[in-house]
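In what follows, a structure is listed as structure tokens, so that the remarks can point back to it.
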Amino acid sequence: MSDVHPSPAAVPVLRGERLSKRYPDGKVEALRGVSIHVNDGESVAVVGPSGCGKTSLLHLLGGLDKPTEGEVFFRGTPLAKLDGDRYRALEIGFVFQSFHLLATLSAVENIQVPMFETPRPPRERASRAEALIEQVGLAHRRNHRPNKLSVGERQRIAIARALANEPSVLLADEPTGNLDSRNQDEILKLLEDLRQSRGLTLVTVTHSPDVAAAAGRVVRMRDGLIVDS
């Protein structure tokens, strides 16, 4: 038997092995022995009906929750052996359907929020936020609070915020769920442009056929299981 180890390039950026997730009441088994891998720089869409376990899977991959059984690996290292706060802050960017912007902060201030968990000095945080708001095309709305932004603009700010700490992976949970078709197309284009320009790995949970069609690979789930990849 060969004792040759795979090269680093062959190691998936994210890998889930036999992931199960049961919630405390024991009545809901969101995931049932799911295994998945995501390669560096890949764009993957996870699709399926409501309640199939796709959001639970995304939360496990991002370290927002822990599996009941199984293991998640980041570049070959189990998440259980990593500093969870550091992993979520520096390696993973999260984009949610409901944006989660802070109502009392301006657009450019919202982008800075993840950087408060890092040693970046205030001037660097401000400079980086300005560069990101420019990249998502909203420099002219920099001082507006979320309630003065359209839903499409709020999602652009949420994406810029997710990139604040230069993560290698972007996890998006229904990122176009609250958008009309025009804004959906614009957000999909923005995500793909950012993925290519930054070398990001993108995992998107969606029920939208259009969002799934924009991904490089589609993983289909049903009843807590992956049924097609």
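The values are calculated or read from the model by the stated rules, or taken from the named source; none is laboratory data. The structure presented is a predicted model; accordingly, all values stated were derived computationally and were not measured. So basically every Cβ, Gly included, is an ideal-geometry build from the backbone, and we count neighbours across all protein chains shown. These accessible areas exclude ligands, DNA and RNA; they are computed on the full protein's heavy atoms, side chains included. Shrake-Rupley method; radii C 1.70, N 1.55, O 1.52, S 1.80 Å.
Key figures
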read-out: Degrees separating the helix 122-135 axis from the principal Cα axis of the chain, which is the longest one; value: 80
read-out: Backbone N within the range 94-112 under 13 Å of label point (7 Å from GLU134 Cα along the Cβ vector); value: none
read-out: Heavy-atom accessible area ranking, 1.4 Å probe, most first, across PHE96, PHE74, PHE116; value: PHE116, PHE96, PHE74
read-out: Area accessible to solvent at SER197, 1.4 Å probe radius, in Å²; value: 80
read-out: Fluctuation leader among PRO49, PRO121, PRO167 - the chain, Gaussian network, Cα springs under 10 angstrom; value: PRO121
read-out: Solvent exposure ordering (accessible area, 1.4 Å, most first) of THR206, THR104, THR77; value: THR104, THR77, THR206
read-out: Signed unit charges on C-beta, dipole axis of the chain, positive-most listed residue GLY63, ALA172, ALA103; value: ALA103
read-out: Label-zone membership for the range 15-45, site ARG217, 7 angstrom Cα→C-beta point, backbone N under 17 Å; value: 15-19, 34-45
read-out: Cα-based helix-to-principal-axis angle, 181-198 vs the chain, degrees rounded to 10; value: 80
read-out: FRET E, pair ASP83, VAL113, Förster distance 22 Å, beta-carbon r, rounded to 0.05; value: 0.65
read-out: Rounded tilt (10° steps) of 151-162 against the dominant C-alpha axis of the chain; value: 70
read-out: GLU117 accessible area, assembled protein chains, probe 1.4 Å, Å²; value: 140
read-out: Gain upon complete extension [ARG18, HIS37; 0.36 nm per residue less C-alpha separation]; value: 5.7 nm
read-out: SER127 - accessible surface, heavy atoms, 1.4 Å probe, Å² rounded to 10; value: 70
read-out: Choice from ARG161, ARG128, ARG120 showing the highest fluctuation, given a GNM over the chain with Cα pairs closer than 10 Å; value: ARG120
read-out: Theoretical ellipticity at 222 nm over the chain - DSSP helices of four or more residues, -39500 (n - 2.57) apiece, nearest 500; value: -8000 deg cm²/dmol
read-out: Student exercise, the chain dipole from Lys, Arg, Asp, Glu Cβ charges, in Debye to nearest 20; value: 400
read-out: Whole-number percent relative contact order across the range 21-138, with pairs defined as alpha carbons under 8 Å at least 6 apart; value: 16
read-out: The range 71-209: Rg to Rh, with Rh as the Kirkwood radius over Cα pairs; value: 0.96
read-out: Simple Cβ-charge dipole of the range 126-173, Lys/Arg +1 and Asp/Glu -1, about Cα centre, in debye nearest 20; value: 260
read-out: Normalised convex hull volume, the range 99-146, alpha-carbon set, Å³ per residue; value: 74
read-out: For the range 24-133, size of Cβ-based charge dipole, Lys and Arg +1, Asp and Glu -1, in debye; value: 100
read-out: Relative contact order (%) - the range 159-229, alpha-carbon pairs under 8 angstrom, separation at least six; value: 31
read-out: R0 of 25 Å, Cβ-Cβ distance LYS66-LYS27: FRET efficiency to nearest 0.05; value: 0.85
